[in-house]
Amino acid sequence: MLKQHRGDAKSDGGYRAGFACFVGRPNAGKSTLTNAIIGQKIAITSSKPQTTRHVIRGVLHRPDGQLVLVDTPGLHRPRTLLGERLNDLVRATWSEVDVIGLCIPADEEIGRGDRFISGELAELKATVLAVVTKTDLVGKEQLAKQLLAVSELADFAEIVPVSAVSGDQVELLVEVMGRYLPPSPQLYPDDMLTDEPEHVLIGELIREAALEGVRDELPHSIAVVVEEIQPEGRLTRIFADLYVERSSQKAIVIGARGARLKEVGTQARAQIEELLGTKVFLDLHVRIAKDWQRDPKQLRKLGF
Ligand SMILES: Nc1nc2c(ncn2[C@@H]2O[C@H](COP(=O)(O)OP(=O)(O)OP(=O)(O)O)[C@@H](O)[C@H]2O)c(=O)[nH]1
Ligand SMILES: [Mg+2]
């Protein structure tokens, strides 16, 4: 699936191109790093674990190569059918990439989750790097300790500390990943930053806005489906449904007299306007899809 886009341009003179993916437990900073490398927001991020729910490809264009970066959901112990599907997606991606960057936050101790993931990665043919993320959150000493701990975790081809927020070492990470890509013709057209369909990007921006300010299990229960996009000159009308699992959640998302939903709409609209470069009219409805995370039929309807 991943490799069906291989084109046939630029096969001469040292050109390298290939696929790399970031993996790691939820909240490790994979999507933030993906956006920092691509230079545009193609993946939504949040402080809630399990934000990313599908595989997102971003393309970085360089004169001497092309790095296709695949952001994946955080690997975790699944508690729902959705969780199982997400983990399957992650593992399917592993077998199709040239380079894997295992992301481990600098400010958190290495845990069972990291050990489990790095054990699985050892079985693959891809080059595995360790990426120590969020270095802006720790001092030099703590970073040195973490780098040592990571080096003892597995036999990584390289260990690169980065901060996606400050931008520190991001350029170096790109260069290091590039070294492990195979000689190859260009894979994607020059101006393509992502192959995400527009309606998916828009739905994700709405979900990102909805995640802000909600707690506990609610973030996991939110899904967004964009039903219609109508471009009308310099205005785009967008009709979208925000799904939750229970009526109590619906009340929270809507808020007192609709205040929260209005806020979500305002925030999402600003982001979508930036994406599309037009004014946006956003029509947002909250609906209930009972226990959708565990229901195969509902999952299919919501695109999983
Ligand atoms: N200070 C700091 N925070 C970061 C950095 N990178 C990510 N974060 C924060 O960490 C949180 C999680 O970031 P994400 O990029 O959504 O993490 P993820 O690994 O994609 O998470 P899932 O999609 O849930 O697996 C967010 O609140 C980010 O703002 C960084 O370099 N420095
Ligand atoms: Mg993510």
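Every number in this text was worked out from the coordinates using simple rules, so none of it is lab data. As the structure is a prediction and not an experimental result, all values here were calculated from the model. Cβ coordinates were reconstructed from backbone atoms using ideal geometry, including for glycine residues, and neighbour counts include every protein chain displayed.
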Candidate lysines for bridging to residue 301, where Cα separation is under 16 Å - those fewer than 8 sequence places away on the same chain excluded: 290
Inter-probe distance in nm under a simple model that places probes 7 Å from Cα toward Cβ, at residue 301 and residue 124: 3.4 nm
Relative contact order of the stretch 2-179, pairs being alpha-carbon contacts under 8 Å that are 6 or more residues apart, as %: 22 percent
Acute angle (nearest 10 degrees) that the helix 198-211 long axis makes with the longest principal axis of the chain, alpha-carbon atoms: 80 degrees
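Would you compute, from DSSP H runs of 4+ residues alone, the mean residue ellipticity of the chain at 222 nm, taking -39500 (n - 2.57) per run and dividing by the full residue count, rounded to the nearest 500? Let's see the in-between values first.
Numbers: 10 runs with 107 residues, N = 304.
It comes out at -10500 deg cm²/dmol, rounded to the nearest 500.
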Using alpha-carbon coordinates, inclination of helix 112-121 to the longest axis of the chain, degrees: 60 degrees
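Can you tell me the alpha carbon radius of gyration of the stretch 198-301 divided by the globular rule-of-thumb value 2.2 N^0.38 Å?
Expressed relative to 2.2 N^0.38 Å, the Cα Rg reads 1.05.
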Mean Cα-pair separation over length for the chain, i.e. relative contact order, pairs under 8 Å, 6 or more apart, %: 19 percent
Percent of Cα-Cα distances greater than 15 Å, calculated over the stretch 61-137: 63 percent
For residue 196, distant residues with modelled amide H under 5 Å away: 57
Over the chain, volume per residue of the alpha carbon convex hull, in Å³: 139 Å³
Length gained when the stretch residue 84-residue 285 is fully extended (0.36 nm per residue, less Cα-Cα span): 69.6 nm
Label-zone membership for the stretch 106-127, site residue 168, 7 angstrom Cα→C-beta point, backbone N under 20 Å: 106-110
Cα centroid separation - the stretch 114-193 against the stretch 21-43, whole Å: 12 Å
For the stretch 23-163, fraction of C-alpha pairs farther apart than 22 Å, in %: 35 percent
Contour excess over end-to-end distance, with Cα ends at residue 109 and residue 256 and 0.36 nm allotted per residue: 48.9 nm
